[in-house]
Amino acid sequence: MKERLQSIKQEAITEIEAADTQKSLQDVRVQFLGKKGKITEVLKGMGKLSKEERPVIGQLANEVRDQITESIEEKAALLEKQAIEEQLKAETIDVTLPGRPTHTGGPHILMKTIRDIEDLFIGMGYEVAEGPEVETDYYNFEALNLPKGHPARDMQDSLYITEELLMRTHTSPVQARTLNAHEGRGPVKIICPGKVYRRDTDDATHSHQFTQIEGLYVDEHITMSDLKGTLNVLAKHLFGEDREIRLRPSFFPFTEPSVEMDISCKVCNGDGCSVCKHTGWIEILGAGLVHPNVLEMAGFDSKKYTGFAFGMGPERIAMLKYGIEDIRHFYTNDVRFLKQFHQV
Amino acid sequence: MLVSINWLKEYVDIEGIPTGELAEAITKTGVEVDGIHGPILNDDKIVVGYVEACEQHPNADKLNLCQVNVGEEELAQIVCGAPNVAQGQYVVVARPGARLPGGLKIKKAKLRGEASEGMICSLQELGVDEKFVPDHQKDGIFVFDEEVQIGEPACPLLNLNDQVLELDLTPNRADCLNMVGMAYEVAAIYNKELQLPSPAVTKADESSKDYIAVRIENKEMNPYYGAWIIKDLEVKSSPLWLRNRLISAGIRPINNLVDITNYVLLEYGQPLHAFDYDRFGSKEVVTRPAHEGETMTTLDGKERTLQPEHLLITNGEKPHALAGVMGGQDSEVQDDTTTILLEAAYFDPRTVRKASSQHNLRSEASARFEKGVDLARVKEAAMRAAELYEELAGGTILGEMVEEGSTDREPVQITFERHEINERIGTELSIDQMNDILERLRLPYEQQGEQYTVTPPSRRNDLRILEDMVEEFARLYGYDHIPYTLPTGQSNKGGLTKRQRLTREVHAYLQKTGLNEALTYSLTTEEKSKHFVSPEIQTDQEAVKLMMPMTDLHSHLRLSAIPELLSSLQYNVARNQYNLGFYELGSVYLPNAGEDVLPKEELRVAAAITGIWENHPWQGEKKPVDFFVLKGILEGLFEHFLKSPVDFEKASLAGLHPGRTALLKIDGETIGYIGQLHPTVQKDHDLDETYVFDVNLKKVFDYVDKTPDYEAITKYPAVSQDLAFVVNAEIAAKEIEATIYEQGQPYLKDIRIFDVYQGEHMEEGKKSIAFNLTFQNNERTLKDEEVDEARERIIEKVKEAFSAEFRG
């Protein structure tokens, strides 16, 4: 019996070693340890043994069974490990292949520029005000101190619809409308973005349609220095902390005094180059203190209230910031153009 | 406006100030300097020479051998090819070592065997613009027609060393449209003395009154007119200094009689006109509004048809000038003119502006009259001209000028207190500082304590109100010195309105779905304005159109962004960009009843997509856009904003595929459409399958409800059931779904269509459609019978209502 057990053990070990799949290993288990397995057979034959032999053989049989079980488990672990390794190998991919594209659209660079400016001023307590793109002659001109026959109406040849209606030539009528709505009570703090239209032939630097964004702050005790401080915040926000600004006198019928704001040229840092026409400065926007006629026409007491206003062209700002060379790009919608600014 | 530095130096001492610095100071203080021109040439090796002898070159027919005195001991021999060179001429010689504007360096040379020590120059060779070169010198060298010092540097004589500032004047600073005004400005900036001309003439005993009378018919159009007779004139070339100055200002010298009026115009800003008295044809100047339809021929040879809003200078019968704009041909100064009628007048700026703009005649004169000339300077300018006629043309000035009307002006006084200025600028200017600024500006003022009264002279007609004075103080004090502050008023909350916030959300959502924001023009063609207009927009009226469009491309206001978006797609496809998804959010313009009523501007969002939507080439995925891609985008948008469902109702619209178009409706109200372009429209635009939508955002926003209806998450399990039916192909899934939903209550929570099949193994004209239903009771676990009952109800009803066959 002893010999039989030993040979079963040997046989089992050989077969375990030979098993190369979970399935064949399972067969080995059934063959040796199953209900009809070889060990069981031995144990069944124990009845024929003597009393003395029985415990000895019994113990030996248990030992052999434990050893076989242990070997099978070891082998099973090994096979499982191999199986996982094979799976991993089989599942290996080329991680350098391109990923599945997600749909990525994006904003138009002009709208992005406008929103950026809106958000800056919203942070300073301004509201966003909008108005119609087709305007009355009154709001587009007269309420802004540009009576009929005023020479400055020349400066912005207009697209009229009737004698009294026109495509607005600037976003300033929104200022007049908002002031009117406030019925002579300040403060008025608004930022007004929108489309405007001029009688221009489209070329690299002109567009019959473009955008503007204006700001207006009317309250008691508003000063030129407040305007300067506000524009300084704006200029640094748009063009970087290291830009300097300068104001110089200009003329707009709806502000007095009127100024234009330049920023120091970022290409040459003020030394003079072709971008700044060798002046070291680049013109960015027009501004001024709201003309008392504009305040009075809107029902504000110009002795009590003062205010500042400023206005700029997002096209110009984007063109300067990114070196865009042709204003028509903004309205052609060439995807190769649009997509370049999605990450901005 | 061009300002010669050499000329300016006559009036104000700016010696030693670099021109660049001067330009920056002028720019920062009041008038933008757009550019600095010159110097053209400033080379000491270019000198005056005297041609002592001139003979033909021994070896060349067309060359001359000149012996030229250049102020040195020995004469210089120079070979010169100019046809007009001759003995006895004062000429410009470029000596060896000189460099001419074209870069040519002068060297000693041998020309056809003869030594040549330099070059006798033409004006063009010296860098003078051809248009300023007198005709008789165009093909030859320049010859001085007055005596000059031999050996003297020639560049300053010809003003080639000058620098010229180009000013970009704003309309309010008409005072700087002349040299005297610029001198005031520069003197104020640098706090310098002013040396202005004080003209005077010898008046003959004979009186101008014997020759001319003046009558003004309309004092509003012509407040003042002065006429002065000057006799014994000799027409000739103006002296070099005067020619130089005109050239520096960009005006071509003609002859002394014409040049003098131009010179005074530049110096004083007062346009003058010289009529040939002998050709004037009467002894009376009558200024009057033109008769309707009256005609006259102006100096440029064109016949002008006039209207009563134009002012004429006449001899009592026929017009001789369109006032302030241009003279007439008949009384033009000519080479044989000996007597002139000098006009010095003030014309109403609006009258001149109307005439110049209607006849498209912008001249140096009209530009000044339009902005208003200085009333106080009209007579002085006439005096200055008379002085020059006497000096440069041998003229005899006949007595006093004959005058009509007045140059008086309503005096302006601006009264303010010191704090009113400081409060507006944000400074603390002292009385001393303010007085200093007023004195530098030469503005007459009275100061008593804190109180100021300024009486601006007529040359500063732009100064009218307190704010004008604020500007004067601010700019002279210097904007650079004003502090940076921020307003310290009451605080506002600021921010966006609800509509603005929602609009931003629409942008963000659409961009997230993969669409690119596009911007197109609001003004489109008449043809495009008629297409793709959503049916809820009343289309019985034509789109709003411009009175005088610049081009037919932009004549009508859009009623939909789709036509222009399609043009954008086409533009891209033509550039090999085939996979495109655009949206545009903006106004369309609905015509309103009534001539002068503003159009109604309606906020809409439109989109257009074409090409491949799903694309992952190496995994073999490539799916073109279809109706359901764009519908999915819209459904997501509505789901984001609305609780009420938006119905997609099959429709047929012009320009769209009749089988693939739907109207969008909320509560039965149309808010837009979605569809595929009609194949013929696609072909016209060179597009593959293209899908569009156009939605009234305003309407969507009206229905916005974003408050969540919170429901606790139930712990009771849901039961899922699948049902499939075969129905006629044209039955809309939505209808079956509605029936199922109705029958499935109260526990049917959700229905999903998970399969639609039509084709092989399916009877012609039929389709199979499979639904996945989810039942749930939040209070307890559903019983099997409850679900089974609902399932039976649904099957029976669908079979009955749609003649459907239940498949399982």
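The values are calculated or read from the model by the stated rules, or taken from the named source; none is laboratory data. As the structure is a prediction and not an experimental result, all values here were calculated from the model. When we count neighbours, we look across all protein chains shown, and the Cβ atoms used for this are built from the backbone with ideal geometry, even at glycine.
A few notes on this one:
- First in the range B:449-470 and under 16 Å from B:Val373 (Cβ atoms), second anywhere and of a type in the set (Gly, Ala, Ser) and assigned to a helix (DSSP H, G or I), Cβ under 6 Å, 6 or more apart: B:Ser458/B:Ala376
For every residue, the table says whether it meets (1) at pLDDT 95 or above; (2) of a type outside the set (D, E, K, R).
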{"site": "B:Met1", "(1), (2)": "no, yes"}
{"site": "B:Asn6", "(1), (2)": "yes, yes"}
{"site": "B:Glu10", "(1), (2)": "yes, no"}
{"site": "B:Gly16", "(1), (2)": "no, yes"}
{"site": "B:Gly30", "(1), (2)": "no, yes"}
{"site": "B:Asp34", "(1), (2)": "no, no"}
{"site": "B:Gly38", "(1), (2)": "no, yes"}
{"site": "B:Asn42", "(1), (2)": "no, yes"}
{"site": "B:Val47", "(1), (2)": "yes, yes"}
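- Checklist (1) assigned to a loop (DSSP other than H, G, I, E, B); (2) within 33 Å of the chain's Cα centre (by Cα) applied to B:Glu292, failing item: (2)
Yes/no matrix, rows are residues, columns are (1) in contact with a Gly (Cβ under 6 Å, 6 or more places away or on another chain); (2) surrounded by 17 or more Cβ atoms within 10 Å (Cβ to Cβ):
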position	(1), (2)
B:Asp480	no, no
B:Tyr484	yes, no
B:Val506	no, yes
B:Glu527	no, no
B:Arg558	no, yes
B:Leu565	no, yes
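- Annotation: of all residues in the range B:34-59 being part of a loop (DSSP other than H, G, I, E, B) and of a type in the set (Asp, Glu), the one that is surrounded by the most Cβ atoms within 10 Å (Cβ to Cβ) is B:Asp43.
- Residue in the range B:420-427 that is free of Cβ contacts under 8 Å to residues at least 40 places away in the same chain, assigned to a helix (DSSP H, G or I) and crowded, with 19+ Cβ neighbours inside 10 Å present: no
- Residue selection: A:Gly47 satisfies the criterion of being among the small types (Gly, Ala, Ser), in a helix (DSSP H, G or I) and either under 30 Å from A:Thr230 (Cα atoms) or more than 14 Å from chain B (Cβ to nearest Cβ) (or both).
- Output for the range B:138-196, where each listed residue is away from every other protein chain (no Cβ under 14 Å) and basic (Lys, Arg): B:Lys138, B:Lys192
- Filtered by the rule that a residue be at the interface with another protein chain (Cβ under 10 Å from one of its Cβ atoms) and in contact with a Leu (Cβ under 7 Å, 6 or more places away or on another chain), the range A:311-332 gives A:Phe330, A:Tyr331.
- Among the residues listed as A:His182, A:His208, A:His170, A:His237, the single one being within 9 Å of chain B (Cβ to nearest Cβ) and either closer than 25 Å to A:Lys148 by Cα or surrounded by fewer than 23 Cβ atoms within 10 Å (Cβ to Cβ) (or both): A:His208
- Within the set B:Val544, B:Val533, the sole residue that is crowded, with 18+ Cβ neighbours inside 10 Å, in contact with a Pro (Cβ under 7 Å, 6 or more places away or on another chain) and either within 30 Å of A:Asp116 (Cα to Cα) or of a type in the set (Val, Ile, Thr) (or both) turns out to be B:Val544.
- Residue within the range B:615-623 that is more than 9 Å from every other protein chain (Cβ to nearest Cβ), part of a strand (DSSP E or B) and loosely packed, with under 14 Cβ neighbours inside 10 Å present: yes
- Within the range B:549-589, if we keep just the residues that are of a type in the set (Val, Ile, Thr) and not in a helix (DSSP H, G or I), the residue that is nearest to the chain's Cα centre (by Cα) turns out to be B:Thr551.
- Residue match in the range B:551-560 (condition: more than 10 Å from chain A (Cβ to nearest Cβ) and out of contact with any Lys or Arg (no Cβ under 9 Å at 6 or more places or on another chain)): yes
- Filtering the range B:737-747 to residues that are out of contact with any helix residue (DSSP H, G or I) (no Cβ under 6 Å at 6 or more places or on another chain) and surrounded by 12 or more Cβ atoms within 10 Å (Cβ to Cβ) leaves B:Glu737, B:Ala738, B:Tyr741, B:Glu742, B:Tyr747.
- In the range B:353-362, residue nearest to the other protein chains (Cβ to nearest Cβ) [restricted to those that are of a type in the set (Gly, Ala, Ser) and buried (at least 18 other Cβ atoms within 10 Å of the Cβ)]: B:Ser356
- Residue selected from the range B:132-152 under the condition over 30 Å from B:Glu24 (Cα atoms) and not in a loop (DSSP other than H, G, I, E, B), by the criterion modelled with the highest pLDDT: B:Val143
Yes/no per residue for (1) surrounded by 14 or more Cβ atoms within 10 Å (Cβ to Cβ); (2) within 14 Å of chain A (Cβ to nearest Cβ):
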position: B:Asp436; (1), (2): yes, no
position: B:Gly449; (1), (2): no, no
position: B:Pro457; (1), (2): yes, no
position: B:Lys493; (1), (2): no, yes
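- Applying the condition of being closer than 17 Å to A:Phe308 by Cα, in a loop (DSSP other than H, G, I, E, B) and β-branched (Val, Ile, Thr) to the range B:461-491 and asking which residue is farthest from the other protein chains (Cβ to nearest Cβ) yields B:Thr488.
- Here B:Phe532 meets each of (1) within 13 Å of chain A (Cβ to nearest Cβ); (2) within 22 Å of B:Lys600 (Cα to Cα); (3) assigned to a loop (DSSP other than H, G, I, E, B) with one exception, condition (1).
- Search result, residues across the range B:6-47 that are β-branched (Val, Ile, Thr), touching a Leu at 6+ places or on another chain (Cβ under 7 Å), under 18 Å from B:Asn161 (Cα atoms) and more than 14 Å from chain A (Cβ to nearest Cβ): B:Ile14, B:Ile40
- Across the range B:574-599, the qualifying residues are those that are within 9 Å of another protein chain (Cβ to nearest Cβ) and over 24 Å from B:Gly675 (Cα atoms), and the one among them that is modelled with the highest pLDDT is B:Arg575.
- Among the residues listed as B:Glu400, B:Glu410, B:Glu380, the single one being among the charged types (D, E, K, R), crowded, with 17+ Cβ neighbours inside 10 Å and either away from chain A (no Cβ under 14 Å) or assigned to a helix (DSSP H, G or I) (or both): B:Glu380
- Residue match in the range B:21-28 (condition: assigned to a strand (DSSP E or B) and surrounded by 20 or more Cβ atoms within 10 Å (Cβ to Cβ)): no
- Out of A:Pro193, A:Pro107, A:Pro187, one residue alone is touching a helix residue (DSSP H, G or I) at 6+ places or on another chain (Cβ under 8 Å), facing another protein chain (nearest Cβ under 7 Å), surrounded by 15 or more Cβ atoms within 10 Å (Cβ to Cβ) and over 30 Å from B:Lys354 (Cβ atoms). It is A:Pro107.
- For the range B:791-808, the candidate set comprises residues that are in contact with a helix residue (DSSP H, G or I) (Cβ under 9 Å, 6 or more places away or on another chain) and among the charged types (D, E, K, R); within that set, the residue that is surrounded by the fewest Cβ atoms within 10 Å (Cβ to Cβ) is B:Glu796.
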